[in-house]
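To start, the structure under review is shown below, and the notes come after it.
The values are calculated or read from the model by the stated rules, or taken from the named source; none is laboratory data. From a predicted model like this one, the values you see are computed outputs, not experimental measurements. In this analysis, Cβ positions are derived from the backbone assuming ideal geometry, glycine residues included, and neighbour counts consider all displayed protein chains.
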Amino acid sequence: MGRPRPEAPSAKAAAALLLAGLLGCAAAPGPDPAAAPPAAKGPADPSPGRAIALFNEGQELAGRGDHAGAERAFLQAAGADPRLQPAFMALGEARERLRKKKEAAEAYRQALRLKPGDAKAHIALGRLMDEARQAEAALYHFERAAELAPGEFLPHFWLGHLRVRRDQLDAAIRHLRAAVRIDPAHPHARYWLWLSLARRRGTRSPSASTGSGRRPISGRGGRRRPCAPSRGRWT
């Protein structure tokens with residue numbers, strides 16, 4: 001005779017064994033909480049005091065002509081308090097000085113996200129879009145600036161200048177006249193107004209037809225641009 005085979009447990013016994021196993025698993029101790037990895041920390045809270053100190057440091061560096069140092073300080077100020085809109089404006093200006101035009105444009109865009117009604121930011125971004133030959137984007141920002149600050153010189157000046165180059169003479173004359181009313185002595189505004197009136201009358205001057213005269217050259221493929229009015233013109 002062969003060796004007797006063990007009897008299979010009954011269904012009731014099998015259920016009891018399964019239940020005991022489950023209870024044993026539930027009662028097994030878990031890992032030590034102290035040994036668990038620490039929870040990931042969220043973003044640091046804004047630090048307005050540190051941000052303002054860094055912003056002031058950047059202003060001092062920019063005033064001394066250290067635009068690379070100013071860029072670093074403004075970038076740190078924006079990191080310390082991402083809500084500090086002037087830090088992004090100053091960061092854009094420092095990057096323009098360093099000829100980082102794309103990075104400057106992004107800084108101005110962030111400034112506008114924080115303060116959509118900032119006419120200065122619209123002007124700054126409009127200038128960069130104009131330099132990048134994105135005329136429609138430039139027009140949008142100049143027009144928004146003129147809507148937000150109708151009594152300021154810069155929005156009308158830049159709108160008038162861009163409209164002249166696009167041969168939109170009626171609109172150009174309207175804005176350049178507004179610019180001259182605000183600052184009657186500004187030489188470039190007076191020149192571009194005279195040029196647009198001459199073109200509309202069909203009496204092109206030698207400077208208008210040949211590109212010579214008082215139109216400063218930017219150095220970008222022969223493209224001509226006006227000298228930017230002094231930053232101090234903005235009140």
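Odds and ends about this structure:
- Residue list for region 117-127, filter: farther than 18 Å from ASP81 by Cβ and touching a His at 6+ places or on another chain (Cβ under 9 Å): HIS122, ILE123, ALA124, LEU125, GLY126, ARG127
- Single residue of LEU154, LEU159 found to be crowded, with 16+ Cβ neighbours inside 10 Å and within 26 Å of ALA77 (Cβ to Cβ): LEU154
- Residue, modelled with the highest pLDDT, within region 166-204, restricted to residues that are out of contact with any Leu (no Cβ under 7 Å at 6 or more places or on another chain) and among the polar types (S, T, N, Q): GLN168
- Flag if PRO86 is of a type outside the set (A, V, I, L, M, F, W, C), modelled with pLDDT of 95 or more and surrounded by fewer than 17 Cβ atoms within 10 Å (Cβ to Cβ): no
- Of the residues contained in region 63-71, one or more are found to be aliphatic (A, V, I, L, M) and out of contact with any Phe, Trp or Tyr (no Cβ under 8 Å at 6 or more places or on another chain).
- As a summary of the residue check, PRO46 satisfies the conditions (1) in contact with a helix residue (DSSP H, G or I) (Cβ under 8 Å, 6 or more places away or on another chain); (2) surrounded by 14 or more Cβ atoms within 10 Å (Cβ to Cβ); (3) of a type outside the set (S, T, N, Q); (4) modelled with pLDDT of 95 or more except for the one numbered (4).
- Residue list for region 139-149, restricted to those being over 23 Å from TRP194 (Cβ atoms), in contact (Cβ under 8 Å) with a residue 12 or more places away in the chain and either of a type in the set (A, V, I, L, M, F, W, C) or surrounded by fewer than 23 Cβ atoms within 10 Å (Cβ to Cβ) (or both): TYR140, GLU143, ARG144, ALA145, LEU148, ALA149
- Among the criteria (1) in contact (Cβ under 8 Å) with a residue 60 or more places away in the chain; (2) in a loop (DSSP other than H, G, I, E, B), the one ARG127 does not fulfil is (2).
- A single entry from ARG5, ARG97, ARG64 fulfils the requirement of being at pLDDT 50 or above and closer than 30 Å to PRO150 by Cβ: ARG97.
- Being within 13 Å of the chain's Cα centre (by Cα) and touching a residue at least 40 places away in the same chain (Cβ under 8 Å) holds for only one residue in LYS101, LYS120, and it is LYS120.
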